[in-house]
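The values are calculated or read from the model by the stated rules, or taken from the named source; none is laboratory data. Given the structure is predicted, the values throughout are model-derived calculations rather than measurements. Positions of Cβ are backbone-derived with ideal geometry, glycine not excepted, and every protein chain shown enters the neighbour counts. The area values use the complete protein model at the heavy-atom level, side chains included, leaving out ligands, DNA and RNA. Shrake-Rupley method; radii C 1.70, N 1.55, O 1.52, S 1.80 Å.
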Amino acid sequence: MTIRGDWTLADYASLQQEVSRASPRNPDQLTVDISELGHVDTAGAAQLASLLGATRLRTLAKTLPEEKSALLAAVCKALEQEPTPPVLKLVAPLRFLSEVGQRTDSLFQLLKELNAFIGQTLAAIFWLLPRPWRWRLTPFVSAIQDTGLNALPIVALLTFLVGAVVAFLGATVLQDFGATIYTVNLVAFSFLREFGVLLAAILLAGRTASSFTAHIGAMKVNQEIDAIRTLGLNPIELLVIPRVLAMMVSLPILTFVGMMAGMVGGAAVCALTLDIYPPQFIAIVERDIELRHFLVGLSKAPLFAFLIAVIGCLEGFKVSGSAQSVGEHTTSSVVQSIFTVILFDSIAALFFMEMGW
């Protein structure tokens with residue numbers, strides 16, 4: 001077999017077809033002449049190694065000029081040293097432990113990244129507070145409109161319907177004990193302490209955190225984040241801080257709206273099915289429900305807003321260079337935000353219960 005002509009990347013497709021057609025079964029027993037080999041690069045050398053074998057090609061390359069022989073020898077050495085990944089066959093218990101360890105490690109890495117990003121965000125906020133000339137009011141107001149004003153109808157509608165459902169279920173259960181009047185207490189207590197802030201936070205986690213991730217992720221894919229850094233600007237200050245502060249303003253307002261809408265939904269059911277009309281409903285709330293329940297529910301809103309906004313922005317910065325990555329991290333931001341909100345709400349409920357608040 002005589003090998004002649006140029007073996008370069010420009011002819012890679014045609015060379016690959018010729019190699020697949022002419023591959024001998026026993027290349028070591030074949031007489032090969034490569035003295036007429038023309039120009040060659042790493043792509044052509046890889047094709048020659050595939051045709052003749054890396055060991056045989058290295059031996060034949062010694063007859064060529066020094067620049068060609070050095071190139072072929074380097075490619076052959078790289079191919080010979082290419083590691084073969086070991087195939088591990090684990091029994092079911094070991095495979096289960098391995099998967100648990102991998103997921104635990106990924107969770108630890110996720111928490112470490114989140115803590116680091118929270119630290120960066122807090123440092124940027126405290127650095128900006130005494131420097132009002134660096135405040136970006138236009139993105140802040142735009143983010144408030146996006147996260148607060150545009151989300152107001154869906155939050156009010158959902159909490160109104162949930163309030164009606166809670167009142168209906170409470171009345172159904174309490175009717176057996178002749179205590180339907182306490183449906184008012186059930187609706188007011190549940191929405192002031194838990195449902196108002198929790199439903200608003202979950203809605204924003206699904207609506208706004210995904211929006212933050214998709215927006216920042218699209219900027220990452222289009223290399224706009226790199227352009228911001230090239231201009232000497234801080235992406236945290238430019239993109240994260242206005243969104244975080246806007247969420248911390250919007251969610252308490254949405255929480256208040258959710259509380260009122262839920263109680264209105266409960267009052268509607270009470271008026272229609274229990275003959276407890278709005279004046280009596282309001283009088284029972286004023287008599288039995290203390291102000292501290294409202295303050296407890298409202299106090300959780302800024303913390304939830306901060307966590308939702310930080311997670312959404314962090315997942316946006318973690319996007320790689322493809323549209324698929326944008327979708328994956330958008331889904332991840334929604335799941336993480338909802339899980340974090342429910343987790344911290346459970347911790348807060350236990351804390352307030354132990355404190356007697």
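Amide H contacts for GLY5 (H built 1.01 Å from N in the peptide plane; partners 5 or more residues away or on another chain; cut-off under 5 Å): GLY38.
Which entry in [x] 5, 24, 33, 23, 10, 3, 1, 0; [y] 5, 17, 18, 14, 14, 11, 8, 6, 5, 2, 0; [z] 5, 21, 28, 25, 16, 5, 0 matches P(r) over Cα pairs in 10 Å bins from 0, in percent derived from the coordinates of this structure? Correct label is [y]. Solvent-accessible area of TYR182, all protein chains in place: 130 Å² (probe radius 1.4 Å, heavy atoms, ligands and nucleic acids excluded).
Can you check what the net charge comes to around THR180, using other residues whose Cβ is under 15 Å from the Cβ of THR180 (Lys, Arg +1; Asp, Glu -1)?
Net of charged neighbours comes to -3.
Couplings 3J(HN,Hα) for segment 136-141, derived from phi with the Karplus relation 6.51 cos²θ - 1.76 cosθ + 1.60 (θ = phi - 60°), are 9, 6, 5, x, 5, 5 Hz, where x marks Gly and Pro. Here LYS300 is the anchor, and the aspartates and glutamates within straight C-alpha reach of less than 16 Å, apart from those fewer than 8 places off in the same chain, are GLU194, ASP345. For segment 161-166, 3J(HN,Hα) computed residue by residue from phi via the Karplus equation (6.51, -1.76, 1.60; θ = phi - 60°) reads 5, 5, x, 5, 5, 4 Hz, glycine and proline entered as x.
Helix 92-128 and the long axis of the chain differ in direction by around 70°, with both axes built from C-alpha atoms. Distance between the pseudo-spin-label points of ALA349 and SER69 (7 Å out from Cα toward the beta carbon): 7.9 nm. Note on the chain: GNM, Cα springs under 10 Å; of SER20, SER190, SER250, the largest mean-square fluctuation is that of SER20. When the solvent-accessible area of segment 221-357 is split by element, carbon and sulfur atoms take up 69 percent of it, the probe being 1.4 Å.
For segment 211-218, 3J(HN,Hα) computed residue by residue from phi via the Karplus equation (6.51, -1.76, 1.60; θ = phi - 60°) reads 5, 4, 5, 5, 5, 5, x, 5 Hz, glycine and proline entered as x. With a cut-off of 12 Å between beta carbons, the residues surrounding TRP7 carry a summed charge of -3, where Lys and Arg count +1 and Asp and Glu -1.
Eigenvalues of the alpha-carbon gyration tensor of segment 172-329, scaled by 5 and square-rooted, set the equivalent ellipsoid semi-axes at 44, 15, 10 angstrom, largest first. Taking springs between alpha-carbon atoms closer than 10 angstrom, which of LEU199, LEU274, LEU298 fluctuates most in the Gaussian network model of the chain? Maximum among the listed residues: LEU274.
Let me know the shape class of segment 192-250, please: from the alpha-carbon gyration tensor, a ≥ b ≥ c as square roots of the eigenvalues, rounded when a/c is under 1.5, otherwise prolate if a/b is greater than b/c, or oblate. It is oblate, given that a/c is not under 1.5 and a/b is not larger than b/c.
Figure note: SER332, SER346, SER325 ranked by solvent-accessible area, largest first, 1.4 Å probe, ligands and nucleic acids not counted: SER346, SER332, SER325.
Classify segment 84-214 as rounded, prolate or oblate from the Cα gyration tensor: take a ≥ b ≥ c as the square roots of its eigenvalues, call it rounded if a/c is under 1.5, otherwise prolate when a/b beats b/c and oblate if not. Since a/c reaches 1.5 but b/c is at least a/b, the shape of segment 84-214 is classed as oblate.
Answer rounded, prolate or oblate for segment 96-159, using the Cα gyration tensor with square roots of eigenvalues a ≥ b ≥ c: rounded when a/c is under 1.5, else prolate when a/b is larger than b/c, else oblate. In terms of gyration-tensor shape, oblate. For ASP146, the accessible surface of its heavy atoms amounts to roughly 50 Å² (probe 1.4 Å, protein chains only, rounded to the nearest 10). Using only side-chain charges placed at the Cβ, +1 for Lys and Arg and -1 for Asp and Glu, the dipole size of the chain relative to its Cα centre rounds to 340 debye.
In this label model, ARG229 and TRP135 are separated by 3.0 nm, measuring between points 7 Å along each Cα→Cβ vector. In terms of accessible area, using a 1.4 Å probe and ignoring ligands and nucleic acids, VAL162, VAL335 rank largest first as VAL335, VAL162. Considering only C-alpha atoms, what is the centroid distance from segment 304-357 to segment 219-286, in Å? A separation of 15 Å, based on Cα centres. Relative to the longest principal axis of the Cα atoms of the chain, the long axis of helix 278-288 makes an angle of roughly 80 degrees.
Accessible surface of THR138, taken over heavy atoms with a 1.4 Å probe and every protein chain present, rounds to 110 Å².
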